[in-house]
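A.B. asks: Just passing along the structure, written as structure tokens.
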Amino acid sequence: MTERFGVSAGTLSLLGLSRARNRELPTTAHFMVGERCIHSCAFCAQARDSKAPPHHLSRVTWPEKLWDEIETPLSRAIAGGLVKRVCIQTVETPGGTESALQLTRKVRSLSPDVQISICVAPESVSRVEAFFRAGASRVGLPVDAVTPETYRRVKGGDLERAWAVLEKASSLWPGRISTHFICGLGETEEEMVLALDRARTLGITVALFAFTPVKGTLMEHDAPPDVSSYRRVQIAAYFLKTGGSKDNIEFRDGKIVRISTDDPAFLGKLWEGKPFETSGCPDCNRPYYNERPGRLMMNFPRSLTEKEVRECIAESGLFRG
Ligand code: SF4
């Protein structure tokens, strides 16, 4: 493989290829193939109409490297257990899918066991199949915006066409499909819960993101979601993920006002702070995708302290201790 591809700044630190000192290291190595997408999602630094500098995605910078520079450190980090998963983010560019397939094969050749996720737009089931054939363990098909209106406005396109790909893929590869939902694009908490429940019914793993305005994007001046709203959605997402029913979530004017449960397992995990940890594919902790170091953590890339758990639950306005 002769092309350069992006390696997230945190991954470079994890592989010992950067002197930057990170407070939190990723447990998944993130690579990005392609630059400047043919689509124009209003929140995305890689969008066609974005003026964000190249080598950016979300809040993260992705310096470019060659496979030859990465191969040995990645192999060592996998063998040493530092890298538990490799995720290849595929930007929609001509030839991008082929490059991502090549990179998938290269990573798989290093280890038959390492978990590999591919993150690619939900455009066709045949492309999902191609990634599984190349050695992917899971394929992430980001929906991002969860209502037809927000999807059309922010991504341009038809939400149900994306869901059709997710539905088919999740039936063909049960338990091996992930998706991304972004909170704060104009949906209500209730609409987000309905989407979470739809994904749960299909056996699709959801990674929750808080919308983060990135300079140079069409949404650079939009506000991120209110933290209390994000905490309620995180709790509801965890409740559903651990077997809770959406019928036990009560809404008023689209806002979650109560989650009725006395399930000791759920309540125990809630008071350990599990709902507030980064969600998605196992071991994908994505430090600083949605937050600046030392600032408010929307997703915690690690276990929370007792104080942090109390603060997050207080922010939600649910489950008073
Ligand atoms: S949850 Fe993480 S590992 Fe999974 S597809 Fe999304 S970014 Fe990649």
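A.B. asks: Beta carbons within 10 angstrom, averaged per residue: use that to sort the peptides 131-139, 147-155, 300-308, highest first.
C.D. replies: Final packing ranking: 131-139, 147-155, 300-308.
A.B. asks: Where in the stretch 166-195 are there GluC sites (Glu not before Pro) that are in a DSSP coil and have at most 14 other Cβ atoms within 10 angstrom of their Cβ?
C.D. replies: none
A.B. asks: Using modelled backbone amide H atoms (1.01 Å from N, in-plane), which distant-in-sequence or interchain residues come within less than 5 Å of His30's amide H?
C.D. replies: It is Ser8, Thr11, Cys87, by chain and number.
A.B. asks: If you don't mind, another one. Among Leu172, Val193, Ala134, whose Cα lies farthest out toward the positive end of the dipole of the stretch 89-205, if unit charges sit on the beta carbon of Lys, Arg (+1) and Asp, Glu (-1)?
C.D. replies: It is Ala134.
A.B. asks: How big is D for the stretch 232-298, in µm² s⁻¹ as a whole number, if Stokes-Einstein is applied with the Kirkwood radius of its Cα pairs at 25 °C and 0.890 mPa s?
C.D. replies: 184 µm²/s
A.B. asks: List the pairs from Lys168/Lys241; Lys155/Lys241; Lys84/Lys269; Lys215/Lys274; Lys215/Lys269; Lys241/Lys307 whose alpha-carbon separation is above 29 Å, in the order I gave them.
C.D. replies: Lys215/Lys274; Lys215/Lys269
A.B. asks: Please compute the Kirkwood hydrodynamic radius over the stretch 196-277, one decimal place, Å, based on all pairs of different Cα atoms.
C.D. replies: Hydrodynamic radius (Kirkwood, Cα only) of the stretch 196-277 equals 14.2 Å.
A.B. asks: Taking the simple approach of a point 7 Å from Cα along Cα-to-Cβ for both Arg19 and Ser126, what is their distance in nm?
C.D. replies: Each label point is offset 7 Å from its Cα along the Cβ direction, giving 5.0 nm.
A.B. asks: Turning to a different aspect of this structure: How big is the Kirkwood radius of the stretch 269-313, worked out from every pair of different alpha carbons and given in Å to one decimal?
C.D. replies: 10.8 Å
A.B. asks: Still on this structure, I have one more. Evaluate 2.2 N^0.38 Å with N set to the residue count of the chain, then give the Cα radius of gyration divided by it.
C.D. replies: Taking the Cα Rg and dividing by 2.2 N^0.38 Å, one obtains 0.96.
A.B. asks: Let me ask something else. Just for the stretch 1-116, what percent of DSSP beta bridges are antiparallel, to the closest 5?
C.D. replies: DSSP beta bridges in the stretch 1-116 are roughly 45 percent antiparallel.
A.B. asks: Can I ask one more? Can you give the helix-only mean residue ellipticity at 222 nm for the chain, where every DSSP H stretch with n ≥ 4 adds -39500 (n - 2.57) and the sum goes over all residues, rounded to the nearest 500 deg cm²/dmol?
C.D. replies: Dividing the helical sum by the residues of the chain leaves -10500 deg cm²/dmol.
A.B. asks: Then there is this: Return the sequence-ordered ³J(HN,Hα) values of the stretch 186-198 in whole Hz as given by the Karplus equation 6.51 cos²θ - 1.76 cosθ + 1.60 applied to θ = phi - 60°, using x for Gly and Pro.
C.D. replies: Karplus values, whole Hz, x for Gly and Pro: x, 7, 8, 4, 5, 5, 5, 5, 4, 5, 4, 5, 4.
A.B. asks: Same structure, new question: Share of antiparallel DSSP beta bridges in the stretch 5-316, in percent to the nearest 5?
C.D. replies: Percentage antiparallel, nearest 5: 30.
A.B. asks: May I ask you to derive the FRET efficiency for Phe251 and Asp68 from their Cβ-Cβ distance with R0 = 41 Å, giving the value to the nearest 0.05?
C.D. replies: 0.15
A.B. asks: Report ³J(HN,Hα) in whole Hz for each residue of the stretch 112-123, in order, from the Karplus equation J = 6.51 cos²θ - 1.76 cosθ + 1.60 where θ = phi - 60°; Gly and Pro get x.
C.D. replies: x, 9, 4, 6, 10, 10, 10, 10, 8, 4, x, 9
A.B. asks: Under a 5 Å amide H to amide H cut-off, with H placed in plane at 1.01 Å, what residues pair with Gly140 once short-range neighbours are removed?
C.D. replies: The answer is Ile118, Cys119, Val120, Ser178.
Laboratory data are not the source of any read-out in this text; all were calculated from the coordinates shown. What you are looking at is a predicted structure, and each value in this text was computed from that prediction instead of being measured. Because the Cβ atoms are built from the backbone with ideal geometry, glycine has one as well, and the counts that use them run over all protein chains shown.
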